[in-house]
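A short worksheet on the structure shown next.
The values are calculated or read from the model by the stated rules, or taken from the named source; none is laboratory data. Nothing here was measured: the structure is a model prediction, and the numbers come from that model. Cβ placement follows ideal geometry from the backbone for every residue including glycine, while neighbour counts extend to all protein chains displayed. Accessible surface is based on the protein model in full, side chains and every heavy atom, while ligands, DNA and RNA are left aside. Shrake-Rupley method; radii C 1.70, N 1.55, O 1.52, S 1.80 Å.
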Number of protein chains: 2
Amino acid sequence: MFDELYQQLEEKISLSEKDKNCIPNFFETKFLRKKQLLLQAGEYCRTLAFVSTGALKSYTIDEKGIEHISLLAWEGWWVSDFKSFISDEKAILFIDAIEDSEILLLSKSNYEQLLIEVPSMERYFRILYQNSLVTKDRRLISSNTYTAEEKYNHLLKMYPFISQRIPQILIASYLGITTETISRIKKG
Amino acid sequence: MFDELYQQLEEKISLSEKDKNCIPNFFETKFLRKKQLLLQAGEYCRTLAFVSTGALKSYTIDEKGIEHISLLAWEGWWVSDFKSFISDEKAILFIDAIEDSEILLLSKSNYEQLLIEVPSMERYFRILYQNSLVTKDRRLISSNTYTAEEKYNHLLKMYPFISQRIPQILIASYLGITTETISRIKKG
DNA sequence: TATGTTTCTTGATTTACGTCAATGTATGGC
DNA sequence: GCCATACATTGACGTAAATCAAGAAACATA
């Protein structure tokens, strides 16, 4: 249940047994069936979600009704409408499960409490955000610099398993290109 | 000298007089003339730079020799090749001044020391990264979802002064479009 | 096994935006 | 005040990738 979480935490910080025992109290477990919504644009995003098993996507829907995926999150990833979570604004993101999933929810008050009661969690999140920032930076560079083909190949290099696990149509949306274009890239 | 920095810090955390007195010790001041390089791709990025006055840009250069701006940083912003700074890899970014600038440099060892000696700085950086993450997220959505015109208008809405301060050619590069396209957008 | 649903492929066509090239307009150093 | 350099505009043209449309696989449900 919390194994995946501990593993993630211990990649960045060290935890005492006391920390380990108290951390679960801050979280709530939730199961999502494939396609089940966790958050809808317009609602307030009141939690950070940690993915224990399965996979989720976060995305916007534009005026034409087209989905634009901002994040694909599988085991060990956090997903949320961060802006909404932090500043109590309405969410612009939808989040739903693309596989049956088990997630751990951290509410805002518990998040803040956790940072105080387990000070090394402040450090964990600083490092987590620091790393995410780097990843997002590279994605932005990639998005503004590369051709569709380069973007796709770059993604496969970073996450070689992704094409087995995530449908092409979702990968396309994540890269801001179309599934037809990916088909043509694969054909060579 | 440190006023801009204190102001930024105090937007996110509160500082004791003792903190205020000790913080400058961790930084080194540097002046850059317009066009002067702070970092070159291939070097190791050993500092975080805080912009006290002026403006800098960070960018990649692709095989065709074209610049792709990843960040425009003016007073109150931090700029760095984060990935290089954190993980001691070679930088992929160039950073230079687009106006005469005064910056405060924080070396990695001082950064780590500062986080320990002034614990509220751990909190400051967690919040800073948290916010940057939100901004980057929106930029990515924007980059994958919007047309050139929407991207440009969106930027003007976020930073209304930007077109007075930053040359159009740099704004274009930042948005991943061309200066010709911006000209055409402005014509209507 | 059949039946719908989702995903992937392929071709024909369109389009937003880039590229190239020429000209115009600021801006700053001497 | 002049010249050089940087920056912006405009037009003609090319192209990468989107859109539209139709089938073909793959997968899931009964």
Using a 10 Å cut-off on Cβ to Cβ distances, tally the other chain neighbours for every residue of B:122-132 and report the average as a whole number.
6
Once phi is turned into θ = phi - 60°, what whole-Hz ³J(HN,Hα) does the Karplus curve with 6.51, -1.76 and 1.60 give for every residue of the range A:41-46, x standing for Gly and Pro?
3, x, 7, 9, 7, 9
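Rounded to the nearest 20 debye, what is the charge dipole size of the range B:116-188 about its Cα centre when +1 sits on each Lys and Arg Cβ and -1 on each Asp and Glu Cβ?
Rounded to the nearest 20 debye, it is 220 debye.
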For a test of the definition: using alpha carbon positions, the gyration tensor, and the 1.5 limit on a/c, classify the range B:34-125 as rounded, prolate or oblate.
oblate
Report, to the nearest 10°, how far helix A:148-158 tilts away from the longest principal axis of the Cα atoms in chain A, using its own Cα long axis and a range of 0 to 90°.
40 degrees
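Out of the total accessible area of the protein assembly as shown (probe 1.4 Å, heavy atoms of protein only), what percent is carbon and sulfur?
Numbers: 9100 of 18230 Å².
The C+S portion of the solvent-accessible surface of the protein assembly as shown is 50 percent.
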Cα-Cα pairs in the protein assembly as shown separated by more than 39 Å, as a whole percent of all pairs, come to 18 percent
Rounded to 0.05, the calculated FRET efficiency for the beta carbons of B:S163 and A:F161 at R₀ = 45 Å is 0.55
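On full extension of the chain, what length is gained from A:T179 through A:H154, given 0.36 nm per residue of separation minus the C-alpha to C-alpha distance? If you can, show how the numbers build up before the last one.
On the way: separation 25, 0.36 × 25 = 9.00 nm, distance 1.62 nm.
My answer for the length gained is 7.4 nm.
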In debye, nearest 20: dipole of the range A:3-118 around its Cα centre with unit charges on the Cβ of K, R (+) and D, E (-)?
240 debye
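Could you tell me what % of all Cα pairs in the range A:120-188 have separations over 20 Å? Walk me through the intermediate numbers first.
Details: 863 of 2346 pairs.
Of all Cα-Cα distances in the range A:120-188, 37 percent exceed 20 Å.
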For chain A, built as a Gaussian network whose Cα springs stay under 10 Å, the top-fluctuating residue of A:T53, A:T29, A:T147:
A:T147
Chains B and A: what accessible area do they bury, summed, in square angstrom to the nearest 100, with a 1.4 Å probe?
3300 Å²
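Heavy-atom accessible area per residue, chain B, 1.4 Å probe: how many Å²? Please list the in-between numbers first.
Values: 9120 Å² over 188 residues.
Dividing the accessible area of chain B by its residue count gives 48 Å².
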Got a sec? Which residues of the range B:71-88 lose 40 Å² or more of accessible surface with every protein chain in place, vs. that chain alone, 1.4 Å probe?
B:F82, B:K83, B:I86
Projecting the Cα atoms of A:I116, A:S163, A:A97 onto the charge dipole of the range A:93-188, where Lys and Arg contribute +1 and Asp and Glu -1 at Cβ, the residue farthest towards the positive end is A:S163
Length gained, A:E11-A:E43, 0.36 nm per residue minus C-alpha separation, equals 8.2 nm
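When a/c is below 1.5 the answer is rounded, else prolate if a/b is larger than b/c, else oblate, so apply that to chain A with a ≥ b ≥ c taken from the square roots of the Cα gyration tensor eigenvalues.
Numbers: a/c = 1.93, a/b = 1.65, b/c = 1.17.
Verdict is prolate for chain A.
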Relative to the longest principal axis of the C-alpha atoms of chain B, give the angle of the C-alpha long axis of helix B:119-145, reported between 0 and 90° and rounded to the nearest 10°.
10 degrees
How tilted is helix A:108-117 with respect to the longest principal axis of chain A? Cα atoms for both, answer in degrees (0 to 90, nearest 10).
50 degrees
Any idea which of A:L32, A:I66, A:I141 is furthest toward the positive side of the dipole for the protein assembly as shown, if Lys and Arg beta-carbons carry +1 and Asp and Glu beta-carbons -1?
A:I66
Excluding residues on the same chain fewer than 8 positions from B:K187, give the lysines whose Cα lies under 22 Å from its Cα.
B:K151, B:K157
Built amide H within the under 5 Å cut-off of B:D100, gap 5+
B:K34
Connecting C-alpha atoms closer than 10 Å in a GNM of chain A, tell me which of A:V51, A:V134, A:V79 has the biggest fluctuation.
A:V134
